[in-house]
Number of protein chains: 2
Amino acid sequence: MKTLFQYNWQVRDDWFSWCETVPEGDLLKSRGAGVGGILKTLFHIVAVEYSWICDITGRPDLDDDFEAHASLERVVSLSRTLHPVVGDFVLNWTDSRHQEKVTVYHPRTGQQETFREGEILDHIIAHEIHHIGQLSVWARELGREPVTANLIRRGIYN
Amino acid sequence: MKTLFQYNWQVRDDWFSWCETVPEGDLLKSRGAGVGGILKTLFHIVAVEYSWICDITGRPDLDDDFEAHASLERVVSLSRTLHPVVGDFVLNWTDSRHQEKVTVYHPRTGQQETFREGEILDHIIAHEIHHIGQLSVWARELGREPVTANLIRRGIYN
């Protein structure tokens, strides 16, 4: 499980580097799938990961939306600022917490939902990989090679 | 880890059902990213998953290419035929095998590479989720709602 998080963090950083080579207009351009654009997807990945960790740990969540971070520099900065909290939680997590219950309150609907910690962590992993798959299609639309999605040969395992 | 495989198998089946509602021409249409099309992606996911399990277990791999399976019915049939082998391996796998070495021979280059079983299983998981992310963009291009990528609320955890 931790390997898949490390994979995601490495791939995300590779996409941030990739973004440096692309005009910001292309990163901000509205696209008709997923959350609607390249940079918005990267912001969404960062915000959703952090939000779930806040749900588990009881931290206050971010109160920001994409408009406050609509530049590559700000999304990268947000990712790096939040990463120590996320990394510390994930890398210290143990399987014994798998079935721990987490109750999430949805302010808009007034409803509560209960999940398991293991389920949430698996969801965060799948969420990021899925959205990165969307970026790979948009990269080709821009005539560019996407970041490799291979987990093997990344040096995560030694 | 097993949950992420179960997630992938459930999402794949949801995409097979989704494909039934789409004209086969759209499924076969060549698209400029990933492996090049919707049905080809689903074939690729099935074939790559099986191929890695063959590498680990020493089974002979499939000797088929997409042209032999270029219909929804044949890709679904291939997935269902191979699934018992894959499912049996994955669901009986234990963490004690994580560091077991697997040597893979590449006939084209004559080279060998050595991986760990845990690394290969994580790679298979990420590989499928990544490609499914691409399908979600192509679904929107066809004006259709993609299959949900949510892992939570799928009933995988009880």
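When we screen B:Ile124, B:Ile156 for residues that are hydrophobic (A, V, I, L, M, F, W, C), within 13 Å of another protein chain (Cβ to nearest Cβ) and outside any loop (DSSP other than H, G, I, E, B), the only hit is B:Ile124.
Number of residues in segment A:137-149 that are part of a loop (DSSP other than H, G, I, E, B), more than 7 Å from chain B (Cβ to nearest Cβ) and not β-branched (Val, Ile, Thr) equals 5.
Given the condition modelled with pLDDT of 95 or more and aromatic (Phe, Trp, Tyr), answer yes or no: does some residue in segment A:104-112 qualify? The answer is no; no qualifying residue exists. For B:Gln134, are the conditions met, namely being outside any helix (DSSP H, G or I) and either at pLDDT 95 or above or within 13 Å of another protein chain (Cβ to nearest Cβ) (or both)? Answer is no for this residue.
For a quick check of your reading: which helices (runs of 4 or more DSSP H) sit entirely within segment B:1-113 and have at least 2 residues that are among the charged types (D, E, K, R), surrounded by 19 or more Cβ atoms within 10 Å (Cβ to Cβ) and away from chain A (no Cβ under 13 Å)? Walk me through it before giving the result.
Working: elements: B:2-19, B:24-28, B:38-57, B:72-92.
Qualifying helices (runs of 4 or more DSSP H): B:38-57.
Inspect segment A:23-37 for any residue being basic (Lys, Arg) and either closer than 24 Å to A:Ala149 by Cβ or in contact (Cβ under 8 Å) with a residue 40 or more places away in the chain (or both) and give the result as yes or no. Yes: one or more hits. Only one of the listed residues (B:Gly155, B:Gly133) is without any contact (Cβ under 8 Å) to a residue 60 or more places away in the chain and either within 22 Å of B:Leu39 (Cα to Cα) or within 17 Å of the chain's Cα centre (by Cα) (or both). That residue is B:Gly133.
The values are calculated or read from the model by the stated rules, or taken from the named source; none is laboratory data. What you see is a predicted model; the values in this text were computed from it and never measured. Virtual Cβ from ideal backbone geometry, glycine too; neighbours counted across all protein chains shown.
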